[in-house]
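Peer 1: Below is a structure I'd like to ask you about.
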Number of protein chains: 2
Amino acid sequence: ETNTKSELSTSQEHPKLILTAQGVKDIRAQLGNIPIFDKSLQAVKEEVDVEIEAGIDVPVPKDYSGGYTHSRHKKNWFVLQKAGLLYQILDDEKYAKYVKDMLMQYEALYKTLPLHPKTRSYARGKLFWQCLNDSNWLVYVSQAYDCVYNYLTEEERHKLETNLFKPFADHISVDSPQFYQRVHNHSTWGNAAVGMIGLVMDDEELINRALYGIKDLKLDATKKDDDGGYLNKDGKAGFLANIEEPFSPDGYYNEGPYYQRYAMYPFLIFAEGLHNVKPELNIFDYKEGVLLKSINALLNLSDADGDFFPLNDGQKGMSYYNGALVTAVDISYHFGDQDPGLLSIAKQQDKVLLDDSGLAVALGIKNGKEKPFDKKSINLSDGPEGKQGGVGILRNQDLELVFKYASQGSSHGHYDKLSYSLYENGEEIIQDYGLARFVNIEQKGGGNYLKENKTWAKQTIAHNTVTQNETSHYNGKYEIGSQNHPDLHYFSTDNDKVQVVSSEVKNTYPGTEMLRTMAIIKDEDFEKPFLLDIMKVTSASANQYDFPYYYFGQVLQTNFEYKSPEILKPLGTKNGYQHLYVEGVAKANKDNSKFSWLNNNKFYSLTTVTDNNDEILFTRIGANDPEFNLRRDPSLLLRRKNSKNTLFVTTIESHGNYSPVTESALNSKSNISSVKVLLDTKLYTAIEITTINDKTKIFITANTNALKEVKHALTINGKNYEWSGSYYFK
Amino acid sequence: ETNTKSELSTSQEHPKLILTAQGVKDIRAQLGNIPIFDKSLQAVKEEVDVEIEAGIDVPVPKDYSGGYTHSRHKKNWFVLQKAGLLYQILDDEKYAKYVKDMLMQYEALYKTLPLHPKTRSYARGKLFWQCLNDSNWLVYVSQAYDCVYNYLTEEERHKLETNLFKPFADHISVDSPQFYQRVHNHSTWGNAAVGMIGLVMDDEELINRALYGIKDLKLDATKKDDDGGYLNKDGKAGFLANIEEPFSPDGYYNEGPYYQRYAMYPFLIFAEGLHNVKPELNIFDYKEGVLLKSINALLNLSDADGDFFPLNDGQKGMSYYNGALVTAVDISYHFGDQDPGLLSIAKQQDKVLLDDSGLAVALGIKNGKEKPFDKKSINLSDGPEGKQGGVGILRNQDLELVFKYASQGSSHGHYDKLSYSLYENGEEIIQDYGLARFVNIEQKGGGNYLKENKTWAKQTIAHNTVTQNETSHYNGKYEIGSQNHPDLHYFSTDNDKVQVVSSEVKNTYPGTEMLRTMAIIKDEDFEKPFLLDIMKVTSASANQYDFPYYYFGQVLQTNFEYKSPEILKPLGTKNGYQHLYVEGVAKANKDNSKFSWLNNNKFYSLTTVTDNNDEILFTRIGANDPEFNLRRDPSLLLRRKNSKNTLFVTTIESHGNYSPVTESALNSKSNISSVKVLLDTKLYTAIEITTINDKTKIFITANTNALKEVKHALTINGKNYEWSGSYYFK
Ligand SMILES: [Ca+2]
Ligand SMILES: [Ca+2]
Ligand SMILES: [Ca+2]
Ligand SMILES: [Mg+2]
Ligand SMILES: [Mg+2]
Ligand SMILES: [Mg+2]
Ligand SMILES: [Mg+2]
């Protein structure tokens, strides 16, 4: 019976893969009346017309990325896909002929091709130096083929399928198992490529190879690829396995949003094709709907401007304006539950896909269904089963806390356990450095990862968390990092005035445990929400703990005295310390040390519990950076020496603002007069915050049993505190 | 006959000063139909209603600025002026009563007041610690008095005039001649205050005192004020003298745009009053219309966003959104020639004055007369007669060059002769540092000038010009600086593809002359306009020349090899050098040294003619800055040692862009393959620029006779060049 269904569904008329025959009818009926679609169509038409005018070029493969033949073949795949759409939508044979002519040139070329002459890849392609790019090509070109399928004669189709598409699909799969037969974002492209051409060609064997991997193939489990990753340690392969592994049940992608954006397209476009051609697979329901959930997760991993949080190796500025997110948003709207919030993002993107899903979005916008995409606090578990930590995002008014207690994040992960970044209305208050790379800027190491990515960006000291004894988490070893992860202690956002996330990690350093509890509190005695940060360190041995705050902007005031060296020297010699200059040195205050700064015309204050033995350093990135690969960004670094168990408690306030136009400074001072630890035991940590108007706030977190239902009773300084749940605040 | 006229004009009905009786009629007739006026009115009404609700407070004077009594009296003057307007426009006695009640409290208080208890000022006020603020008060309150004049009984007016306004005007003038009787922006406030209350009270004696100074008073010409300026060296005084001195015939204000914005209000508001009450004075035609010209000059001294160029002690971010510029724009529109470009600025300001001029602007906008305010290249002479240098601004597409060859600029001037800054679409490419001050941010030295303003911001090395032998221009001495100035050599913008400004200065260093010629060139072989900078130094002695470029952003590439020290040390010990860290050291290349950088997703390249003996340093501001008062900004510094006559020739290109969303780097490389000096004589300097496509451009500047009509003929390397005018380019 499955076979019959499949027969049925795959025998429908073309186009059927992404654009559908019914979709074409609907689109043609609406053309001219769907502004965002019409505009997107016009832009594509102008682009393709220029290419048609310029003429076809299908050069003999020769170059690495950046070189001419690489760029040309890459451009061709995009133009083919777009020309196919234009043929269907505009019903103008000019586009079909263009696609046919170029495909025939590829057919003529491909059958003559040996392996690509460049030898750097572990899996060489034929059109490109690596199978990954050959796969990219086929994912796009299979869409073009689908669009002109009926325009071609059976003979032409036979020629293309026999000499081009089938051998092409075979080369990137059965001929390149080290590329194809694994769980890896490269393989996802390979699976999608094979599967999509299989769907168009109605080739069940290719479709099954795409979904489940190469049949009966077992690879050597000990072999590694260029990056040092295992080629296929556990034998898993195929598109479905590739969905299983990297996505948590909440849709968090294990490498973080920047790489999720990169990996997104083949997941979604192949899923769309499967949905259209093989609806019986219910691909969008697979793993409880994880593909659509992942889009929602990704959108929530962006700041108020739509910029993705630069977790792991993420380049700042990548945002939901990226084309892959147009695909994601449109697919999510059309194949999901038509969330009107997605329409507002589509409107910001000002672009839709030229297919059924783009039409749905365009109609939704046209019919005024749009609502703001309301980003709320969200906890995203990490790991295939959601049991390897996660990312907790707390949002209140303009403030966003991004708390990273995720697992290692594959080869793009950082040694940043329990780190965080803090945003206000899309601007960084406390930054995550991101990566040390200028993607595609050739002058900077060819646009590739710079060595400072390893020596600085991945290191623990580059992050807003604790570094012990000047050594990175897991000793900076991927092997150890990928076998460990923090665990969620609790995530509580029921009360939107007091939102808390808490996580613990055991093995970042042998014998040391860390429990970090971060709260965003909106209290009536404060102008804006503020951050309360409690880091509880338990260790069997005496250590040095370094705790940086990577702020931006101008130092305004400290309540401690510091000395500025006339000569700047590096703070250390390794693990990232070699990249920090010391710009100021202080002995901390007995009770609280306070630091205020000004950035982007807003005032910020940090108040932290210290004692006389603590040191405070002003640092700046840039030492041992002979090629100016790093940004010269500052930090305030709290250093506690020779301590076993210890507690770091810090508040960060955003307050007031400065106008350079009226030259008025409003509310430029901290609202907090003191932060005090009332109690710190294995079971509880209690903090008292006193405002400058002498209002007192108590926050108590349960360090062990934080279940919602649990009742707590506690006496501190003769006062009784009783509550249910993870924390107390009043 | 003059007397009769004056009688006539001053006997008109109230209000007559700023708001006029006819204006009130016109405004009332249009209310509800003039959106920007209605909106401005609503905002003022809300503000005043809150104050009326809160009740009147007229405290006994006690504090310096920042303290309560200072802030309260300052707030009162604004509220009084606004309440007066509301009474007239809304015809609601509530506002008149409020003004009357508060004025009566001032009357009761003022007659009891001794000098203000704080003694820091050279001219103490009574309500405030300095006469300047008393004058501010009277400038505003005279407007309020005019608005409620007819609401008051004759007895009430007599009481106010006798006990409050007349003694108030006397205190800031005849009782404080050291404040009043001079040419100084403080005195302008004093003159306006005395004159405006005189106009309302119809007191010819006060009006004359305002216009011409205190009759028959001669001050000791050798006495100095708190800032070390002469109290009155040449005996000039009064409002007209205060217009004469600081404004050049082009309307450039000698301290620069930041202080012009500050000084603007009393000039314009008193002028408006004089225009209304004493039209026979033709105040807006005074000195060939310099007041209105000065507004045009000021608007042209802003970048594409409306931010004023931070010349001299100017704080960045001050812009034409400042309230004083609402006054300036509205007055300029109404009393000038109704320039439709001003309407577009008023629209951006989103606010108009609640008077006749604001009505005119609101009607202009409503009637669709608005056009873009098209900033063009402009040369603004400096000095009372326009003979003390100037500021030349070259604009082409998004590029703006601000070339400063002005005179010292009084006490707020910098030692920055022939310096420049470069902007692209409102963003700084090569910055002028601005000042070292955080105005009104109390945590930073009380919001006052920081000592780094003198040790850094004013120094020559802080500017994009040549420093000789690590010493600032004029030896950093105000006395010398204010007796010298550069001179315009030529300013040529007839050909908008090749715009050039050239100026020379003789006495910055004894025996050294500098001639700088800067061109913005838009050539068909270049993507965007680029800067060509030719600095010709002639000296009797061998010197070290330092030439910094204060760029922003990330180093991308150099064509020279440099070494980065592991330890950062200051570049020098004085004259600003103590504030620069050395981050890199290079020996320059034999022909050209090239430096590329990335800022705000745009690419920039600098190409400069060097030889093997030149050094290139990477510097960063921040050494010897123990309170983090300075921004940590970078520069590239070209150093030439042991040279007498020399030539610096540099091109700066903006090219291409980077998108972090698509990760594409467009046109990221310089278009220039070489810059060469073909000829450099006393008479001519000829430069050859070759593009990467081997196109050759020749620029020749006439170093002595640059008159437009002059014909030049020249043979270089056997090739003949003939042209008329200041320069040749092909
Ligand atoms: Ca990071
Ligand atoms: Ca952002
Ligand atoms: Ca600007
Ligand atoms: Mg990181
Ligand atoms: Mg932003
Ligand atoms: Mg300056
Ligand atoms: Mg700007």
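Peer 1: Report yes if some residue within region A:420-429 is more than 17 Å from the chain's Cα centre (by Cα), more than 16 Å from ligand 2 (Cβ to nearest atom), closer than 30 Å to B:S664 by Cβ and of a type outside the set (F, W, Y); otherwise report no.
Peer 2: No, because not a single residue in region A:420-429 is more than 17 Å from the chain's Cα centre (by Cα), more than 16 Å from ligand 2 (Cβ to nearest atom), closer than 30 Å to B:S664 by Cβ and of a type outside the set (F, W, Y).
Peer 1: In region A:576-598, what residues are within 14 Å of chain B (Cβ to nearest Cβ) and either at positive phi or assigned to a strand (DSSP E or B) (or both)?
Peer 2: Those that are within 14 Å of chain B (Cβ to nearest Cβ) and either at positive phi or assigned to a strand (DSSP E or B) (or both): A:L580, A:Y581, A:V582, A:E583, A:G584, A:V585, A:A586, A:K594, A:F595, A:S596, A:W597, A:L598.
Peer 1: Continuing with the same structure: Counting just the residues of region A:692-730 that are on the phi < 0 side of the Ramachandran plot and of a type in the set (D, E), which one comes out nearest to the chain's Cα centre (by Cα)?
Peer 2: Per the stated criteria, the residue is A:E709.
Peer 1: Further question on the same structure: How many residues are farther than 18 Å from B:L138 by Cα and in contact with a Lys or Arg (Cβ under 7 Å, 6 or more places away or on another chain) when one looks only at region B:92-109?
Peer 2: Selection size over region B:92-109: 0.
Peer 1: Give me the residue from region A:391-417 that is at positive phi and out of contact with any Pro (no Cβ under 6 Å at 6 or more places or on another chain) and, out of that set, nearest to ligand 7 (Cβ to nearest atom).
Peer 2: A:G409
Peer 1: For region A:298-341, give me the residue count where each residue is within 16 Å of ligand 1 (Cβ to nearest atom) and among the hydrophobic types (A, V, I, L, M, F, W, C).
Peer 2: Within region A:298-341, residues that are within 16 Å of ligand 1 (Cβ to nearest atom) and among the hydrophobic types (A, V, I, L, M, F, W, C) number 5.
Peer 1: Pick from A:F526, A:F552: which is among the aromatic types (F, W, Y), away from every other protein chain (no Cβ under 11 Å), under 30 Å from A:T704 (Cβ atoms) and touching a residue at least 24 places away in the same chain (Cβ under 8 Å)?
Peer 2: A:F526
Peer 1: Based on what the data block shows, is B:I214 surrounded by 16 or more Cβ atoms within 10 Å (Cβ to Cβ), farther than 24 Å from B:V329 by Cβ and not hydroxyl-bearing (S, T, Y)?
Peer 2: Yes; evaluated as a whole, the condition is true for this residue.
Peer 1: Let me ask something else. If B:Q178 meets every condition in (1) within 30 Å of B:Q260 (Cβ to Cβ); (2) crowded, with 24+ Cβ neighbours inside 10 Å apart from one, which number is that one?
Peer 2: Failed condition: (2).
Peer 1: Residues that are away from ligand 3 (no atom under 16 Å from the Cβ), in the same structural domain as A:Q459 (by TED's automatic domain parsing) and farther than 13 Å from A:I652 by Cβ, at least 3 per element: which strands (runs of 3 or more DSSP E) completely within region A:388-431 meet that?
Peer 2: A:389-396, A:399-406
Peer 1: Now for a separate question. Which one of B:A144, B:A169 is among the small types (G, A, S), closer than 29 Å to B:A328 by Cα and touching a residue at least 60 places away in the same chain (Cβ under 8 Å)?
Peer 2: On inspection, the qualifying residue turns out to be B:A144.
Peer 1: Considering only residues that are hydrophobic (A, V, I, L, M, F, W, C) and in contact with a Lys or Arg (Cβ under 9 Å, 6 or more places away or on another chain), look in region B:625-661 and name the one that is farthest from the other protein chains (Cβ to nearest Cβ).
Peer 2: B:L647
Peer 1: Does region A:601-624 include one or more residues that are facing chain B (nearest Cβ under 9 Å), of a type in the set (S, T, Y) and closer than 30 Å to B:A586 by Cα?
Peer 2: No, because not a single residue in region A:601-624 is facing chain B (nearest Cβ under 9 Å), of a type in the set (S, T, Y) and closer than 30 Å to B:A586 by Cα.
Peer 1: Tell me, please, whether a residue that is surrounded by fewer than 20 Cβ atoms within 10 Å (Cβ to Cβ), within 14 Å of chain B (Cβ to nearest Cβ) and in contact (Cβ under 8 Å) with a residue 40 or more places away in the chain can be found in region A:662-677.
Peer 2: yes
Peer 1: If the requirement is being assigned by TED's automatic domain parsing to the domain that holds A:Q544 and either among the acidic types (D, E) or touching a helix residue (DSSP H, G or I) at 6+ places or on another chain (Cβ under 7 Å) (or both), which of these qualifies: A:N645, A:N703, A:N629?
Peer 2: A:N629
Peer 1: Filter region B:217-244 down to the residues that are buried (at least 16 other Cβ atoms within 10 Å of the Cβ) and among the acidic types (D, E) and list them by number.
Peer 2: B:D225, B:E244, listed by residue number.
Peer 1: Would you check which residues across region A:489-501 are closer than 17 Å to A:E709 by Cβ and either in contact with a Cys (Cβ under 7 Å, 6 or more places away or on another chain) or in a strand (DSSP E or B) (or both) and list them?
Peer 2: A:H489, A:Y490, A:F491, A:S492, A:V500, listed by residue number.
Peer 1: In the list B:L291, B:L299, B:L274, B:L281, which residue meets the criterion of being touching a helix residue (DSSP H, G or I) at 6+ places or on another chain (Cβ under 9 Å), within 16 Å of ligand 3 (Cβ to nearest atom) and not basic (K, R)?
Peer 2: Result of the check over B:L291, B:L299, B:L274, B:L281: B:L299.
Peer 1: Can you tell me which of B:G434, B:G358, B:G368, B:G364 is within 14 Å of another protein chain (Cβ to nearest Cβ) and of a type in the set (G, A, S)?
Peer 2: After ruling out the rest, the residue left standing is B:G434.
Peer 1: What about A:D398, is it acidic (D, E) and within 16 Å of ligand 2 (Cβ to nearest atom)?
Peer 2: Here the answer is yes, as A:D398 does meet what is asked.
Peer 1: A follow-up question, please. Restricting to region B:561-570, what's the tally of residues that are surrounded by 17 or more Cβ atoms within 10 Å (Cβ to Cβ) and either in contact with a Ser or Thr (Cβ under 6 Å, 6 or more places away or on another chain) or within 30 Å of B:T690 (Cα to Cα) (or both)?
Peer 2: Of the residues in region B:561-570, 1 are surrounded by 17 or more Cβ atoms within 10 Å (Cβ to Cβ) and either in contact with a Ser or Thr (Cβ under 6 Å, 6 or more places away or on another chain) or within 30 Å of B:T690 (Cα to Cα) (or both).
Peer 1: Now for a different question. Please specify each residue of region A:304-321 satisfying the condition of being buried (at least 21 other Cβ atoms within 10 Å of the Cβ) and either farther than 17 Å from B:T662 by Cα or among the polar types (S, T, N, Q) (or both).
Peer 2: Selection gives A:L311, A:N312.
Peer 1: Here's another thing I want to ask about it. Could you check B:T607 against (1) more than 27 Å from B:L399 (Cα to Cα); (2) in contact (Cβ under 8 Å) with a residue 40 or more places away in the chain; (3) not in a loop (DSSP other than H, G, I, E, B) and say which number it fails?
Peer 2: (1)
Peer 1: Filter region B:307-317 down to residues that are touching a Ser or Thr at 6+ places or on another chain (Cβ under 9 Å) and either under 15 Å from B:A457 (Cβ atoms) or facing chain A (nearest Cβ under 7 Å) (or both), then give me how many there are.
Peer 2: Within region B:307-317, residues that are touching a Ser or Thr at 6+ places or on another chain (Cβ under 9 Å) and either under 15 Å from B:A457 (Cβ atoms) or facing chain A (nearest Cβ under 7 Å) (or both) number 6.
Peer 1: Grab the helices (runs of 4 or more DSSP H) fully contained in region B:100-175, keeping just those with 3 or more residues being surrounded by 20 or more Cβ atoms within 10 Å (Cβ to Cβ) and of a type in the set (V, I, T).
Peer 2: B:131-148
The values are calculated or read from the model by the stated rules, or taken from the named source; none is laboratory data. Since the structure is predicted, the reported quantities are computational estimates derived from the model, not experimental observations. Reconstructed Cβ throughout: ideal geometry from the backbone, glycine too, with neighbour counts over all protein chains shown.
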